[in-house]
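Each remark here refers to the structure printed beneath this line.
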């Protein structure tokens, strides 16, 4: 019998124009997806540099410090086998880390005709929700999506987590504008 492990994902609802566009055209409540490792660091793709803990963290798919982002945060946790857990983190660290951000993916949210020309599994660049979905598929956590899917939004990823019976909770609400 294999042991069970937990994977935790942070789904965020950020402020700002691009975050609003992602939510609007992605038809969901979330604008960003991160994956939390055992040390509490967040892994994900960001379109801009982030200043946190006194230093600049690069754009693209990278690891960032535990409290790098002050946006609304929902934690989604799923149970996986020990093997799935290790395969997931191998994909994150060896296939995704360092990939540039995929601006075409965000444009594809708004312009569906662009989406038909892209394959999100061809990893020359990535966005947060597609990176998380890719790692979950490669690890055997999600079944492969056999339908022609040209984009995976943060809202799509939340639905896939819920299909895996994720436990989720709001841990940091969006603060009202001052």
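The values are calculated or read from the model by the stated rules, or taken from the named source; none is laboratory data. Just so we're clear, the structure is a prediction, and the values are computed from it rather than from any experiment. Using ideal geometry, Cβ is built from the backbone for each residue, glycine included, and neighbour counts are taken over all protein chains shown.
Key figures for this structure:
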{"read-out": "Odd one out for residue 22 among (1) under 19 Å from residue 171 (Cα atoms); (2) in contact (Cβ under 8 Å) with a residue 24 or more places away in the chain", "value": "(1)"}
{"read-out": "Failed condition for residue 103, given (1) out of contact with any helix residue (DSSP H, G or I) (no Cβ under 9 Å at 6 or more places or on another chain); (2) modelled with pLDDT of 95 or more; (3) within 22 Å of residue 23 (Cβ to Cβ)", "value": "(2)"}
{"read-out": "Condition broken by residue 91, with the remaining ones in (1) part of a helix (DSSP H, G or I); (2) free of Cβ contacts under 8 Å to residues at least 12 places away in the same chain satisfied", "value": "(2)"}
{"read-out": "Qualifying residue in segment 108-131 (condition: more than 22 Å from residue 20 (Cα to Cα), in a strand (DSSP E or B), modelled with pLDDT of 75 or more and under 15 Å from the mean Cα position of the chain (by Cα))", "value": "yes"}
{"read-out": "Lone qualifier among 33, 80 - being touching a residue at least 12 places away in the same chain (Cβ under 8 Å), under 16 Å from the mean Cα position of the chain (by Cα) and closer than 22 Å to residue 156 by Cβ", "value": "33"}
{"read-out": "Verdict on residue 92 being modelled with pLDDT of 95 or more and closer than 24 Å to residue 13 by Cα", "value": "yes"}
{"read-out": "Count - residues of segment 15-31 that are buried (at least 17 other Cβ atoms within 10 Å of the Cβ) and either in contact with a helix residue (DSSP H, G or I) (Cβ under 8 Å, 6 or more places away or on another chain) or more than 18 Å from residue 126 (Cβ to Cβ) (or both)", "value": "7"}
{"read-out": "Segment 1-19, residues that are free of Cβ contacts under 8 Å to residues at least 60 places away in the same chain and assigned to a loop (DSSP other than H, G, I, E, B)", "value": "1, 14, 16"}
{"read-out": "Residue ID - surrounded by the fewest Cβ atoms within 10 Å (Cβ to Cβ), chosen from residues in segment 32-55 that are assigned to a loop (DSSP other than H, G, I, E, B) and in contact with a strand residue (DSSP E or B) (Cβ under 6 Å, 6 or more places away or on another chain)", "value": "49"}
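A quick yes/no check of all residues on (1) surrounded by 13 or more Cβ atoms within 10 Å (Cβ to Cβ); (2) in contact with a strand residue (DSSP E or B) (Cβ under 7 Å, 6 or more places away or on another chain); (3) within 22 Å of residue 159 (Cα to Cα):
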| residue | (1), (2), (3) |
| --- | --- |
| 68 | yes, yes, no |
| 73 | yes, yes, yes |
| 76 | yes, yes, yes |
| 85 | yes, yes, yes |
| 88 | yes, yes, yes |
| 93 | yes, no, no |
| 98 | no, yes, no |
| 105 | yes, no, yes |
